[in-house]
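> Okay, here's the structure, questions in a sec.
The values are calculated or read from the model by the stated rules, or taken from the named source; none is laboratory data. This is a predicted model, so every value here is computed, not measured. Here the Cβ is made from the backbone with ideal geometry for all residues, glycine too, and neighbour counts use every protein chain on show. With ligands, DNA and RNA removed, areas are computed over all heavy atoms of the protein, side chains included. Shrake-Rupley method; radii C 1.70, N 1.55, O 1.52, S 1.80 Å.
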Amino acid sequence: MQLGNYDVVRKLGRGGMADVYLARQHGLDRLVALKLLDASSDPDARVLFLDEARLCAMLCHPNLAIVYDVAADDGATFIAMEYLDGIDLRQLMVAAHAHGARRLPTSAAVAIVRAAAAGLDHAHQRCGHDGAPLELVHRDVSLSNIMVTRDGAVKVIDFGIARARVSINVEAPGVIRGKPGYMAPEQCLADPIDARCDVFALGVVLYELATGRRCFDGETDIARIRATVRGSYVAASVVVPELPRALERVIDKALAVDPAARYSSAAELATALDALPACDAASLAALVGQLATTPRVIVTDDAPTRGVRHRQLRAA
């Protein structure tokens, strides 16, 4: 199959509203990942899809995936982006459990989240072509949207439901978008959000990598959302008694229900993690090589909630 200037090699996976393919770009002979919008998606999906391409094209950071192009060919809309030969964190955790490991090494968890925080801070601080802040918020930070490549690089991916000042899509009041269990309390309640929403999600990711269990668990999405709004989770040191107390304090601050009590930025979270032992890129590469025998780009069982109406969660 050919799409525009790209020859499709094989399918890599599927996200919430798009299939992802490995492709080769003509002329440059470069491997890329093509994110192809599902033709059956609702009308808002195309607007979100184009928003993602526009926003990502404004970003340039080693911990974010690069967007090369957005195009349409015979009715098919797709984004050409950096091909990441690696594995997402959810797959990495599944592989670790399969190898008998309860959780990731603490030094790896710290290194991964610190790098992801650096990439997200770049996105949060980025300005538009008019020089004004984009006010960008990812809104979908989770295990499945952070990858580690075979050479040990950490990449935040999938800005598919990101919001910014320049976003084209305008959502109706009270609409919730994001993954239950990773959304910040204010996001769950459809309140105004800012970069601290992504800081909260990074706190969830750090908790899950360091303990090997879900932070806000429940049998249903509503149960997970209620646990989040209440700030109800088992202390990390109860799950892993040997966990460094300094790391638990970082997790707890990132997971504060009140945004004012959290780290004020992803950069502040990264600075807090700088004080903790972290492994280097070579060690992360070795970990991926040990655990990931058949790495893929994305996981398919953790799609975000898109456009769910806000219910009576404040009374939960």
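> Roll a 1.4 angstrom probe over the protein heavy atoms and tell me the percent of accessible area of the stretch 18-128 that is carbon or sulfur.
Ligands and nucleic acids excluded, carbon and sulfur give 52 percent.
> Let me ask something else. Taking the alpha-carbon centroid of each part, what is the distance from the stretch 55-134 to the stretch 219-239 in angstrom?
Each part's Cα centre sits 25 Å from the other's.
> May I pose another question? Averaging sequence separations of C-alpha pairs under 8 Å and six or more residues apart, then dividing by the length of the chain, give the relative contact order as a whole percent.
22
> With springs only between Cα atoms under 10 Å, which of Leu28, Leu243, Leu287 fluctuates most in a Gaussian network model of the chain?
Top of the fluctuation ranking is Leu28.
> Something else now. With labels modelled as points extended 7 Å from the Cα through the Cβ direction, what inter-label distance (nm, one decimal) is found for Asp191 paired with Arg245?
3.0
> Ok, one more. Mean separation of Cα pairs under 8 Å and 6+ residues apart, divided by the residue count of the stretch 111-193: what relative contact order is that in percent?
Value for the stretch 111-193: 25 percent.
> Hey, rough spin-label estimate for Asp73 and Arg24, points 7 angstrom out along Cα→Cβ, what's it come to in nanometres?
That separation, rounded to one decimal, is 1.4 nm.
> Would you kindly state how much longer the chain becomes between Ser264 and Ala39 on full extension, computed as 0.36 nm times their sequence separation minus their alpha carbon distance, in nm to one decimal?
77.1 nm
> Here's a follow-up. What number, rounded to the nearest 500 deg cm²/dmol, is the helix-based mean residue ellipticity at 222 nm of the chain, given -39500 (n - 2.57) per DSSP H run of at least four residues and division by all its residues?
So the calculated ellipticity at 222 nm is -10500 deg cm²/dmol.
> Gaussian network model of the chain, Cα springs within a sub-10 Å range: biggest mean-square fluctuation belongs to which of Asp274, Asp121, Asp158?
Highest fluctuation of the listed residues: Asp274.
> Still on this structure, I have one more. Can you tell me the order of 135-146, 180-191 when each peptide is scored by its average per-residue count of other Cβ atoms within 10 angstrom, highest first?
The most tightly packed comes first, giving 135-146, 180-191.
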